[in-house]
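To start, I am sharing the structure in question, which I have written as structure tokens.
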Amino acid sequence: MNTKKKCKKCSRELPATLEFFYECKIRKSGLRSLCKDCFKQDRLDHLASMTPEYRKAMKKAEVGRNRHVYREANRKRIAKDRGVYHQKWTEKELLKIYGSDCYLCHKPIDLTLPMQGEGSQLSLWIDHMVPTSRGGSNTLNNVRPCHRVCNQAKYNLTYEEYLDKADELW
């Protein structure tokens with residue numbers, strides 16, 4: 001089949017193949033209306049026209065929409081960097097298994113609070129019973145829900161070490 005397709009931007013007639021046009025499943029031809037060269041240039045022009053503030057706002061919106069994906073990727077990266085085992089899990093699974101009470105102080109966690117900034121002291125943070133910095137795995141068996149202040153007070157102690165330290169303080 002020796003059909004040609006005309007690029008809407010540069011008006012060149014090129015073979016209607018994936019070598020010259022990107023795929024577009026919603027079009028009758030199955031190909032985009034711009035050739036690959038023009039499409040790439042359009043994307044570069046669009047990116048160049050964006051202000052740094054606009055790019056930052058778009059990235060922030062994307063992260064907000066896909067927060068769970070970014071958190072999972074971050075957990076995986078940290079586990080890999082530290083050489084510990086990583087199991088894929090979500091905060092929803094964690095809360096379903098362990099509930100929404102802080103495992104350190106046994107008080108309820110307010111799931112509506114922001115994770116950072118003002119008012120985040122009693123928000124949901126994930127704590128590793130054996131910290132990954134000390135060889136603990138990133139699995140559901142090793143993580144528990146807790147408050148931000150409790151997690152920061154525990155720092156990189158194991159759960160048992162934290163309990164011993166808490167007994168000494170109280």
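The values are calculated or read from the model by the stated rules, or taken from the named source; none is laboratory data. The shown structure was predicted, so the numbers you read here are calculated from the model rather than taken from an experiment. Here the Cβ is made from the backbone with ideal geometry for all residues, glycine too, and neighbour counts use every protein chain on show.
Filter the range 70-85 down to the residues that are within 10 Å of the chain's Cα centre (by Cα) and loosely packed, with under 12 Cβ neighbours inside 10 Å and list them by number.
Ala73, Asn74
Just a yes or no: is a residue in the range 82-90 farther than 30 Å from Glu168 by Cβ and outside any loop (DSSP other than H, G, I, E, B)?
Initial filter on the range 82-90 (farther than 30 Å from Glu168 by Cβ): 83, 85-90.
When the remaining residues are screened for being outside any loop (DSSP other than H, G, I, E, B), the result is 86.
Yes; the residues of the range 82-90 include at least one that is farther than 30 Å from Glu168 by Cβ and outside any loop (DSSP other than H, G, I, E, B).
Does the range 91-101 contain at least one residue that is among the basic types (Lys, Arg) and in a helix (DSSP H, G or I)?
Yes, the range 91-101 has at least one match.
Additional query: Checking the conditions here, which among Leu122, Leu111 is modelled with pLDDT of 90 or more, loosely packed, with under 14 Cβ neighbours inside 10 Å and hydrophobic (A, V, I, L, M, F, W, C)?
Within the list Leu122, Leu111, the selection yields Leu111.
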